[in-house]
Amino acid sequence: MTAPAIAGVIQLRVHAIAAGGDGVGRSEGLVVFVPRTAPGDLALVRIDSVKRFARGTVESVLEPSPDRVAPPCAHYVVDRCGGCQLQHMSYDAQLEAKRIVVRDSLQRIAKTNVELPAIRPSAKQWRYRNKLTLAMRRDADGWTMGLHPYDDPAAVFQLADCPITDERVVASWREVMAASSLLPEAAELRGTVRLAGDQIVVLVRGGTDWPRSEAFLEKLASATALWWAPDGGRATLLFERRAAPAGTSFGQVNEAVGAALHRHVVERVAAYTPRTVVDAYAGTGETAAALAEVGIRVTAIEVDREAANLCASRLPSGSRSIVGRVENLITNALPADLVILNPPRIGLHERVTRALEAKRGRVRAIVYVSCDPATLARDIARLPSYRLQSVETFDMFPQTAHVETVCELVAAA
């Protein structure tokens, strides 16, 4: 059946928030996605495109939702910053929207009957981020260092502040901006400033030569270490003023919520009193080490060699860290009493779910940590030999549409 044709400017009542943060409504039977709207809004919406669904842009809000608030960040309003999606909603409404997204994804994609999951809020709704990555572009007038508008991802606007980021990180970025004449000769770079404890680590990606890197670091009074990843190369440590934490990208962006999530995972694993655990996508081994300390034999799998080596250094005799892709190593690592899965946003390779299905009956439980409800639900649907035991969500990234979910799966009887 051909979808109804809608065009121009329409009135739309928004009834929910979609996984990416857009408001969702219906017009003439067609689903319409509209950024920067809240459930309950009645808005005039300009239709931008129509396919199986429509996308639109708010012209004006006729009746604001009771959940609507004034966004405090000028970039969110003026520059249409794509870094946040939900600043226009109260924090309680953000949390409720994320719970609904997780439940609906599990019901629609995994065909699993599940109640609204609990959600752990963040104690900080602002200034919680300890890492900020910016696009850096050079033109005749100098460097622009900032983020992308949500409706024009090819553009970059100059960042003045990011109110979800720790002020020490923002201050260090201002030092980078002031020292921009000493950056590598390149049209485009990418930079990251990360706070680790009381130390600031700076990473620059791009360029092929950086003769003034030492002079650049001298201008960064706050920086502890400077890393550089040239075009096509790995990140290497150029200079450090005192020993900084290993690596350039490991660790949680929201440390308090990350710690709560870690404790929850360890508790759920320990509840099964397993003798053997496979920790897939193990990172630097924080979870693997915590389990090995209480006598569990852990096989940690991590594709990043630097992270895997750090993990290995934390594991006692009897446990091991192996380097490689999970889909290549999982079969030989099994069976195990329990498997921890913490994949990137794209979710599990199909070979991973096939391997777990092949070992059904010999893996008692799976604890799956996900940053994307859709790929989580897809992967659960690929594991029919396991039933969903519990779901809990964690608000790692307030003001954004992202949500972390921990699912506990047990072997079906």
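Just so it is clear, none of the values below were taken in a lab; they were calculated from the coordinates. Because the structure is predicted, anything quoted here is derived from the model rather than measured. Cβ coordinates were reconstructed from backbone atoms using ideal geometry, including for glycine residues, and neighbour counts include every protein chain displayed.
What is the sum of charges, Lys and Arg at +1 and Asp and Glu at -1, for the other residues whose Cβ falls under 11 Å from the Cβ of ASP161?
Overall, the nearby charge balance is +1.
I need the peptides 302-312, 121-131, 31-41 ranked by packing, meaning the mean over residues of other C-beta atoms within 10 angstrom, with the highest value on top.
Result, highest mean first: 31-41, 302-312, 121-131.
Based on Cβ point charges of +1 for Lys and Arg and -1 for Asp and Glu, what charge dipole magnitude is obtained for segment 300-413 about its Cα centre, in debye rounded to the nearest 20?
Its charge dipole is roughly 520 debye.
With a sphere of radius 14 Å drawn around the Cβ of PRO335, what net charge do the other residues whose Cβ falls strictly inside it have (Lys, Arg +1; Asp, Glu -1)?
The answer is +4.
Taking neighbour Cβ counts within 10 Å as the exposure measure, how do SER65, SER321, SER27 sort from fewest upward?
Ranking SER65, SER321, SER27 by Cβ neighbours within 10 Å, fewest first, gives SER27, SER65, SER321.
Hey, fewest Cβ within 10 Å first, where do GLU218, GLU392 land in order?
GLU218, GLU392
Kindly provide the helix-only [θ] at 222 nm of the chain, computed as the sum of -39,500 (n - 2.57) over DSSP H runs of four or more divided by all residues, to the nearest 500 deg cm²/dmol?
Theoretical 222 nm ellipticity from helices: -7000 deg cm²/dmol.
Roughly how far apart, in whole Å, are the Cα centres of segment 277-325 and segment 117-138?
27
Taking one equal scatterer on every alpha-carbon of segment 131-240, how large is log10 of I(q)/I(0) by Debye at q = 0.15 1/Å?
Treating every Cα as an identical point scatterer, log10 I(q)/I(0) equals -0.60.
What are the ³J(HN,Hα) values, in whole Hz, obtained from phi via the Karplus relation 6.51 cos²θ - 1.76 cosθ + 1.60 with θ = phi - 60°, for each residue of segment 90-97 in sequence order, with x given for Gly and Pro?
4, 5, 4, 5, 4, 4, 5, 4
Net charge around VAL363, counting only other residues with Cβ within less than 11 Å of its Cβ (Lys, Arg = +1; Asp, Glu = -1)?
+2
Let's see if you can work this out: charge +1 on each Lys and Arg Cβ, -1 on each Asp and Glu Cβ, no other charges. What is the dipole magnitude of the chain about its Cα centre, in debye to the nearest 20?
Computed charge dipole of the chain: roughly 1220 debye.
Neighbour counts of other C-beta atoms within 10 Å: give me ASP166, ASP139, ASP279 arranged from fewest to most.
ASP139, ASP166, ASP279
Amide H of SER222 versus every other amide H placed in the peptide plane: which residues, excluding those fewer than 5 positions away on the same chain, fall under 5 Å?
none
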